[in-house]
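These notes concern the structure reproduced below.
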Amino acid sequence: MRISVIGLLLALGITAHAQMHPHTVIYNLYITDTTVNYTGHPRHAIAVNGSLPGPVLEFTEGDTAEIHIHNEMMMETSVHWHGIIVPNRYDGVSYLTSSPIKPMSTYTAVFPIVQNGTYWYHSHTMLQEQVGLYGAIVIHKRPSATQTRQAPPNAGKPSPQSPQASPHEQVLLLSDWTDESPYEVQRSLHFATDWYGIRKGSAQDYAAAIKAHHLKTKLINEAKRMLPMDVSDVYYNKFLVNGRPEGTAPQYKPGDKIRLRIINGSSSTYFWLQFAGGRITVIANDGKDVEPVEVDRLIVGVSETYDVLVTLPSRSRIASDTSVGAAADSSYAFRATAEDRTGSTTLWLGDGPKNNLPPLARLNYFEGMNMMNGMMNASGGMKKGMEMKMANQTMDMNSVMYPDDPGTPLNYGMLRSTRKTTLPANAPVKEYHFNLTGNMNRYTWTINNKTLSETDKILIRHGDNVRIILYNGTMMRHPMHLHGHFFRLLNGQGDYAPLKNVVDIMPMETDTLEFAATESGDWYFHCHILYHMMSGMGRIFHYEDSPPNPQVPDPQQAIKKVYSDDREIRPMARIGLESNGSDGEAQLANTRYRFQTEWRIGTNSRSGYESESHLGRYLGTMQYWLPYIGWDFRYRNPHAPEKNLFGQTDTKDHRNVFCVGLQYTLPMLLVADARLDTRGKLRLQLGREDLPVTSRLRFNCMVNTDKEYMLGFRYIITKYFGLSTHYDSDMGYGAGLTINY
């Protein structure tokens, strides 16, 4: 999306500069804060040279890139060259491989271009990628001896050295946009918000389950302590192609063959790709050539790139084939639909009446839930033996939710390199087993149940062959990206296994990757779903005996900054304001620890007031266990003496005690709580929050051995506001509103 005239002038200046130096290609990238408006509401974004996305950087294999990055924001930033083989100090991960680019400063990266293909660049600082700091990179093949060396061509012009040479090229940079602050998205996910499910129409409440004849499915799902089925975490307002909800390329004519360089630059969205003019021929993946394979559609994982060929129907074909259904000069939709099918973005190829595609129908989530129930054990983990049955996308679990026929979709098993990709023979092999773990209840994403900050770097030696066996034990897809290397994906193609730098591993799949350790320094391996990476789903490969990195002068302090992402402490609060008083809770929590305080304040001295505060640590992969310590303060006007269910005199009128306790999440997502206080009083409690009656109506309940109980309902109006009513055994009946943060 072009935002300012300044960006256009800068882009023109860059092109002129590049043409002056045909072997050293120079770019100046100016990173600034800006404002965009995709929904009728202005929102903050980040622009590169005045545009979102940033300009396409074009090179020819053999060039030297000289890129000057000018940070004109009041916060630090970084740029990672995704898929590009660069010296370690230029990899662009702040505090790990490169110094952050401080506010109002300039950073210069100079590196040789040793490859060709379709790649991209993006921020590796905080959540900046979500708000626009990304752009495409196109590297053309080295000219043959008979061809004249030229400066980088402009975007959209021919690349005669490309495999499956086409006189036309088009870059498609796909992305997702939310009007919400990315920090708010991340914070909300960690507290199991169901607001995004409400906005997407995928709440999977009990009323919907009954209507769909899947009440048993829903009950089994909650009996296994699972949240509603979904294929994407976040609700997005818009999906974009080259920064726009819809794009046009009217220069193409009937019969034109077009090479589309497709980049999934989204933060967390997978896209299904379809073409209204016919089938799609895949010719490259992650920048590397593959033998052409023709498909009806393909899914592109977060951060993956694909090069494909499409041909606009010729006039003769249109005349003879009534199924084409278009005028002699038409435009044809190349559409990218979000995997959760909540929206799409389209690039129209050609000029004339629009030849569209029927929209992909909504997913049948209860069918997916039913399938998932059969794969999970009673504790919410994966059943044994499931992990060896699937690999390389050859079995799409989500297909049970598709109401349409996908035809022939692409899977990794169909990718075959155009040249041998075998690793050096007789090199030592180091093998690692990574189990992708986590849970949606607290949005924890880990490898072998440990976040990045909870593990040491993985030591490898230059000259080794490194093999990674990945198993995805979660119910989400994970696009795992390796910096600074290409790996072979062992997909049954033998010596011609495709080279990739991102692998989409589906739930319960086991995939095997291998690469030659030819570099030095530290290299990041992580899930490229932005919010999974920030939660800790990653590892760092460290080459032994690496020389010091001048970009990281104090490695011990720097690594603490890297680790701080998944150690972040996040707040939440729920405040009820009703006619019988106020009750609510506030929390500070990170991956393992939670500090929680609850309160109940009546409207008179007879109802009194109470506060309970606990500090606990979650245990186990699914984090069902929470041992805690805390204190409890309570006061009300004296009542007649009461006893709890154990025959102990209660302390409801005046209580000021420390306690130790244990919470455990039971089937049906009931939380059991047992605690003992310093007066020797034992209390057992059982409760459930936010049982989804309808899409927006939630039921809450609690009962304990102090003979206290509560029943209530909350109707969600917005993410932060709802109407509520409840009956409390101490405070009586009340109705009012609830504020959520």
Which listed residue, of E184, E291, is acidic (D, E) and closer than 28 Å to I85 by Cβ: E291
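Table: residues versus (1) open to solvent by 50 Å² or more (accessible area, probe 1.4 Å); (2) outside any strand (DSSP E or B); (3) modelled with pLDDT of 95 or more; (4) touching a Gly at 6+ places or on another chain (Cβ under 7 Å).
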{"position": "G7", "(1), (2), (3), (4)": "no, yes, no, yes"}
{"position": "I14", "(1), (2), (3), (4)": "no, yes, no, no"}
{"position": "L29", "(1), (2), (3), (4)": "no, no, yes, yes"}
{"position": "H44", "(1), (2), (3), (4)": "yes, no, yes, no"}
{"position": "P53", "(1), (2), (3), (4)": "no, yes, yes, yes"}
{"position": "F59", "(1), (2), (3), (4)": "no, no, yes, no"}
Just to check your reading of the model, which residue among T345, T248, T311 is crowded, with 23+ Cβ neighbours inside 10 Å, at pLDDT 95 or above and among the β-branched types (V, I, T)? T345
Given (1) in a strand (DSSP E or B); (2) over 30 Å from M226 (Cβ atoms); (3) out of contact with any Phe, Trp or Tyr (no Cβ under 8 Å at 6 or more places or on another chain), identify the lone condition not met by F646. (1)
Against the condition open to solvent by 10 Å² or more (accessible area, probe 1.4 Å) and under 30 Å from K420 (Cβ atoms), how does E294 come out, does it pass? yes
Quick check on the stretch 400-414. Is at least one of its residues at pLDDT 90 or above, buried (at least 17 other Cβ atoms within 10 Å of the Cβ) and touching a Pro at 6+ places or on another chain (Cβ under 9 Å)? yes
Can you work out which of the residues in the stretch 445-467 that are charged (D, E, K, R) and open to solvent by 20 Å² or more (accessible area, probe 1.4 Å) is farthest from E544 (Cα to Cα)? K450
Hey, could you check the stretch 637-676 for residues that are among the charged types (D, E, K, R) and at pLDDT 95 or above and say which is nearest to M376 (Cα to Cα)? D673
First in the stretch 431-442 and of a type in the set (S, T, N, Q) and part of a strand (DSSP E or B), second anywhere and modelled with pLDDT of 95 or more and open to solvent by less than 20 Å² (accessible area, probe 1.4 Å), Cβ under 6 Å, 6 or more apart: T437/T446
Of the listed residues (R655, R698, R683), the one being in contact with a Pro (Cβ under 8 Å, 6 or more places away or on another chain) and without any contact (Cβ under 8 Å) to a residue 60 or more places away in the chain is R698
Pairs only if they're at least six apart or on different chains, beta carbon under 6 angstrom, first in the stretch 584-606 and open to solvent by 40 Å² or more (accessible area, probe 1.4 Å), second in a loop (DSSP other than H, G, I, E, B) and of a type in the set (V, I, T); list them, first residue then second. L588/I569
Do we have any residue at all in the stretch 100-111 that's over 21 Å from the mean Cα position of the chain (by Cα), part of a strand (DSSP E or B), of a type outside the set (D, E) and closer than 24 Å to D307 by Cβ? yes
Any residue that is assigned to a strand (DSSP E or B), open to solvent by less than 20 Å² (accessible area, probe 1.4 Å) and free of Cβ contacts under 8 Å to residues at least 24 places away in the same chain - is there at least one of those in the stretch 614-635? no
Counted residues, the stretch 61-74 - those being of a type outside the set (V, I, T), open to solvent by 10 Å² or more (accessible area, probe 1.4 Å) and assigned to a strand (DSSP E or B): 3
Would you be able to say whether some residue in the stretch 676-691 is open to solvent by 50 Å² or more (accessible area, probe 1.4 Å) and of a type in the set (D, E)? yes
Residue check: is L645 among the aliphatic types (A, V, I, L, M) and free of Cβ contacts under 8 Å to residues at least 24 places away in the same chain? no
Anything in the stretch 218-253 that is acidic (D, E) and either in a loop (DSSP other than H, G, I, E, B) or closer than 22 Å to A336 by Cα (or both)? List them, or say none. D230, D233, E246
Within the stretch 59-85, work out how many residues are farther than 22 Å from D33 by Cβ, within 25 Å of the chain's Cα centre (by Cα) and among the aliphatic types (A, V, I, L, M). 2
Within the stretch 571-583, which residues are open to solvent by less than 40 Å² (accessible area, probe 1.4 Å) and in contact with a Leu (Cβ under 7 Å, 6 or more places away or on another chain)? P571
Out of all the residues in the stretch 219-235, which are modelled with pLDDT of 95 or more and open to solvent by less than 20 Å² (accessible area, probe 1.4 Å)? V234
Pair list, Cβ < 8 Å and 6+ apart or interchain, from the stretch 252-268 residues that are acidic (D, E) to residues that are outside any strand (DSSP E or B) and surrounded by 23 or more Cβ atoms within 10 Å (Cβ to Cβ): D256/L312
Exactly one of these conditions fails for Y715: (1) in a loop (DSSP other than H, G, I, E, B); (2) of a type outside the set (D, E, K, R); (3) farther than 25 Å from R606 by Cα. Give me its number. (1)
Some residue of the stretch 87-99 being open to solvent by less than 10 Å² (accessible area, probe 1.4 Å) and free of Cβ contacts under 8 Å to residues at least 40 places away in the same chain: yes
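The values are calculated or read from the model by the stated rules, or taken from the named source; none is laboratory data. Owing to the predicted nature of the structure, the values given are computational and were not obtained by experimental measurement. Methodologically, a virtual Cβ is constructed for each residue, glycine included, from the backbone with ideal geometry; neighbour enumeration extends over all protein chains shown. Just the protein is used for accessible areas: all its heavy atoms, side chains included, with ligands, DNA and RNA removed. Shrake-Rupley method; radii C 1.70, N 1.55, O 1.52, S 1.80 Å.
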